[in-house]
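Since the structure comes first, as structure tokens, the remarks are kept for the end.
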Amino acid sequence: MCAMSQQVLYGELFKDIEDKLTNIDDYAWGEELFEFPIIVYTKNRSTIPGYKRICNEGIEVGLITINPNIAGMIEIVPALYEPSNKRVYIKDTQFNIYWKNLRKSIQIGIENNQEYCEQNDIKTPEDIVDLRILRDDIHEPYIQNGIIKIRVRKVDVPKEIQTKRTRQSKLDNPLNVFFYSCNRKGSRQVHDRECDVLDSIPDDKFMGSTEIPDGYILCKKCKRNLLIRMGCYPNTKQIPICGRFFHEHRVGTTEIEKMIDKGMTFHAEDMNVMTINGIEDTWQVRAVGDNVSLWHNNYVRVSNTERYITDGFHNQNYTGNMTGMLRYIEGYTWQKHLQGEERKRIKAEEEAKVIVVEDERNTNWYYMIIDRIKRFLRKI
């Protein structure tokens with residue numbers, strides 16, 4: 001039993017709109033496409049193999065199909081027809097829009113031309129759709145629910161290539177700071193990502209981590225740069241400028257390591273100021289030529305023992321080199337600051353008492369007589 005032809009049923013409707021259509025050389029009903037391969041391309045026609053020749057001889061066609069949900073019911077699908085190979089080219093976005101209705105039209109053509117379709121192994125409308133242009137070594141296109149979708153094809157990658165990719169992915173991961181060999185019989189050192197020693201680690205033993213693995217130590221060769229990276233993290237672009245800042249002000253690697261061990265971080269955008277996040281407070285080492293000065297974050301006291309941090313910095317009036325400043329920062333806490341104030345207060349009170357006693361001795365006749373007797377006895 002033959003399916004009812006859409007061309008017969010809706011031919012008059014198409015005639016009503018045909019004169020209004022422009023930029024189309026010819027038309028074909030969807031049910032006529034059963035013997036024409038449909039090639040789906042992406043982005044633009046330059047992705048079609050041999051597109052210059054195809055475009056030169058190609059004809060702009062409108063594929064007629066029926067959409068009962070729109071006014072007039074006639075829907076025109078834009079396509080390119082290649083006469084020499086009898087192929088129809090449709091862009092993937094147009095295909096996804098129109099395929100559900102176009103498929104119904106093609107199905108009618110298949111049912112009405114069973115002998116031809118059986119000889120050419122055409123059972124469904126998808127059998128005349130060619131997605132090869134969308135296919136590559138990794139991606140496999142397919143049609144699901146009238147839409148072209150892409151799945152990643154499982155590719156057997158040689159082990160050597162896979163391990164190289166795994167190694168590179170560890171290096172590319174910005175969260176990884178420490179790199180090392182998982183061969184525990186070898187060197188148990190972690191390295192900076194720029195360390196030359198990494199080249200000697202086999203791909204299958206190469207590891208990256210956000211923390212230092214248990215039992216590992218810092219590589220002596222790249223230790224300084226690695227410490228600076230840890231202190232700058234995540235501002236890795238500031239590593240060179242911080243390195244220069246420490247170098248020009250003669251800060252040793254041991255001192256930088258002490259800072260890292262205490263959880264201190266730092267950053268510098270130029271050679272004028274390095275900002276250091278101490279144990280509790282924020283500090284700045286400001287440089288003018290070879291001279292440096294230490295600045296401390298401003299704060300407001302709300303009681304004898306409480307404060308809150310405010311914007312800006314004040315000069316700490318510390319005299320010394322940058323290494324001394326760093327040691328001062330390492331030892332500073334608010335509690336220690338209060339203890340220092342208490343010691344100063346007690347010392348001041350004791351000194352005041354001594355002064356009072358001395359004044360009394362100098363003015364009271366009793367102490368004056370005793371002092372004279374003491375002096376006399378020392379002469380005897």
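Among the residues of segment 198-219, those identified as closer than 21 Å to Thr254 by Cβ and not in a loop (DSSP other than H, G, I, E, B) are Ile217, Leu218.
Residues considered: Pro49, Pro78. Of these, the only one that is at pLDDT 90 or above and either of a type in the set (Asp, Glu) or in a strand (DSSP E or B) (or both) is Pro78. Among the residues making up segment 223-237, those that are in contact with a strand residue (DSSP E or B) (Cβ under 7 Å, 6 or more places away or on another chain), more than 15 Å from Val190 (Cβ to Cβ) and either of a type in the set (A, V, I, L, M, F, W, C) or in a helix (DSSP H, G or I) (or both) are Gly231, Cys232. Ile369 falls short on exactly one of the conditions (1) more than 20 Å from Met264 (Cα to Cα); (2) at pLDDT 70 or above; (3) β-branched (Val, Ile, Thr); (4) surrounded by 10 or more Cβ atoms within 10 Å (Cβ to Cβ), and that condition is (2). Residue pairs whose Cβ atoms lie under 7 Å apart, sitting 6 or more positions apart in sequence or on different chains, and linking a residue in segment 220-232 that is in contact (Cβ under 8 Å) with a residue 40 or more places away in the chain to a partner that is in a helix (DSSP H, G or I) and not small (Gly, Ala, Ser), are Arg229/Thr236; Arg229/Ile239; Met230/Ile260.
Each residue in segment 81-91 was checked for being over 15 Å from Tyr51 (Cβ atoms) and either in contact with an Asp or Glu (Cβ under 7 Å, 6 or more places away or on another chain) or in a helix (DSSP H, G or I) (or both), and 1 pass. Apart from one condition, Ile150 fits all of (1) within 30 Å of Phe95 (Cα to Cα); (2) hydrophobic (A, V, I, L, M, F, W, C); (3) part of a helix (DSSP H, G or I); the exception is (3). Restricted to segment 323-336, and to residues there that are exposed (fewer than 15 other Cβ atoms within 10 Å of the Cβ) and free of Cβ contacts under 8 Å to residues at least 40 places away in the same chain, the residue that is nearest to Met264 (Cα to Cα) is Gly331. If you go through segment 238-289 and pick out every residue that is among the polar types (S, T, N, Q) and either in contact (Cβ under 8 Å) with a residue 40 or more places away in the chain or in a strand (DSSP E or B) (or both), you end up with 5.
Within segment 291-323, can you find the residues that are at positive phi and small (Gly, Ala, Ser)? Lay out the reasoning, then the answer.
Restricting attention to segment 291-323, the residues satisfying the condition of being at positive phi are 312, 317, 320.
Answer for segment 291-323, where residues must be at positive phi and small (Gly, Ala, Ser): Gly312, Gly320.
Yes/no per residue for (1) in contact (Cβ under 8 Å) with a residue 24 or more places away in the chain; (2) not assigned by TED's automatic domain parsing to the domain that holds Glu35:
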| residue | (1), (2) |
| --- | --- |
| Ile106 | yes, no |
| Tyr116 | yes, no |
| Ile122 | yes, no |
| Tyr142 | no, no |
| Ser181 | yes, yes |
| Ser200 | no, yes |
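Filtering segment 295-327 to residues that are part of a loop (DSSP other than H, G, I, E, B) and either of a type outside the set (Gly, Ala, Ser) or within 35 Å of the chain's Cα centre (by Cα) (or both) leaves Val302, Asn304, Thr305, Glu306, Gln316, Asn317, Tyr318, Thr319, Asn321. Of the residues Lys100, Lys123, Lys104, the single one that is in a helix (DSSP H, G or I) and either over 14 Å from Glu32 (Cα atoms) or touching a Lys or Arg at 6+ places or on another chain (Cβ under 9 Å) (or both) is Lys100.
The set of residues in segment 124-182 being surrounded by 14 or more Cβ atoms within 10 Å (Cβ to Cβ) and of a type in the set (Gly, Ala, Ser) consists of Gly146, Ser181. Give me a count of the residues in segment 32-53 that are more than 30 Å from Asn112 (Cα to Cα), surrounded by 14 or more Cβ atoms within 10 Å (Cβ to Cβ) and not aromatic (Phe, Trp, Tyr). Final tally of qualifying residues: 3.
The values are calculated or read from the model by the stated rules, or taken from the named source; none is laboratory data. The structure presented is a predicted model; accordingly, all values stated were derived computationally and were not measured. Note that we place each Cβ from the backbone using ideal geometry, even for glycine, and neighbour counts take in every protein chain shown.
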